[in-house]
Amino acid sequence: MLKSLQNLQGTITIFHSPKIASSVKLLGILQQHSTNKSRISESSKSQSKLTQMLFGSKGLRYNYQIDVAERFPTLDQLKFIKDTLSMNPQCKKAFKAAFPSIGSANDHVIDLQSTDSTELKELESKSMDELVEKHLFQPPLVVDWDHQLIASEESELLKILKNYDKNEEGL
């Protein structure tokens with residue numbers, strides 16, 4: 001049972017627009033990180049018995065999959081994203097960058113709760129280009145569902161990816 005749970009991949013979603021340079025950059029970092037981890041696992045010939053037991057004969061590998069979403073988050077996803085705001089201060093900064101029209105500088109949680117669900121459903125139905133143009137949503141927004149973290153810039157994403165480095169080392 002433990003071995004099968006250890007091998008489950010997490011999911012990191014990037015709400016992405018290929019027209020925005022920072023979004024393309026973060027997607028590239030996610031893809032590069034996963035490619036480097038795969039290469040390491042393939043080239044690692046000498047593995048400890050513990051590594052083989054925990055990760056199988058293929059050794060260490062990245063344990064997340066990348067979900068690229070070129071759309072606005074669903075209502076359930078927004079609820080999850082809102083919940084991350086109380087978990088980590090970095091998430092508030094990422095939230096404000098991604099949702100400039102929702103939330104004041106002080107309390108995004110209260111402002112998001114007061115936003116009507118009909119209003120949010122309307123946002124969900126708009127195209128990414130329209131949302132960006134009207135400053136309603138600003139990709140990229142990276143969501144690490146397993147660690148309950150969000151990121152909107154490179155330094156925040158690298159902090160998220162460190163969690164996966166730790167998991168790969170068996171720590």
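Each value in this text was obtained by applying a stated rule to the coordinates, not by laboratory testing. It should be emphasised that the depicted structure is a prediction, and the values quoted were computed from it without experimental measurement. A quick note on method: Cβ atoms are made from the backbone with ideal geometry, for glycine too, and the neighbour counts reach across all protein chains shown.
Strictly over 19 Å apart at the Cα level, which of LYS82/LYS134; LYS92/LYS159; LYS96/LYS134; LYS19/LYS162; LYS93/LYS159 would you flag in this model?
Numbers: LYS82/LYS134 21 Å; LYS92/LYS159 15 Å; LYS96/LYS134 15 Å; LYS19/LYS162 27 Å; LYS93/LYS159 14 Å.
Where the Cα-Cα span goes over 19 Å, the pairs concerned are LYS82/LYS134; LYS19/LYS162.
Highest first, please rank the peptides 141-152, 87-98, 18-29 by the mean number of other Cβ atoms sitting within 10 Å of their residues. Spell out each step's value before the answer.
Working: 141-152: 22.1, 87-98: 17.8, 18-29: 15.5.
Highest mean packing first, the order is 141-152, 87-98, 18-29.
Quick one: 3J(HN,Hα) in Hz for region 141-149, Karplus 6.51/-1.76/1.60 with θ = phi - 60°, rounded, Gly and Pro as x.
9, 9, 10, 9, 5, 6, 9, 6, 10
Could you run the Karplus curve 6.51 cos²θ - 1.76 cosθ + 1.60 with θ = phi - 60° over region 80-87 and give me ³J(HN,Hα) per residue in whole Hz, x for Gly and Pro?
Taking θ as phi minus 60°, the curve returns 4, 4, 4, 5, 5, 4, 7, 8 Hz for region 80-87.
List every residue whose amide H lies under 5 Å from the amide H of TYR64, counting only residues 5 or more places away in sequence or on a different chain, with H placed 1.01 Å from N in the peptide plane.
For TYR64, the qualifying residues are GLY10.
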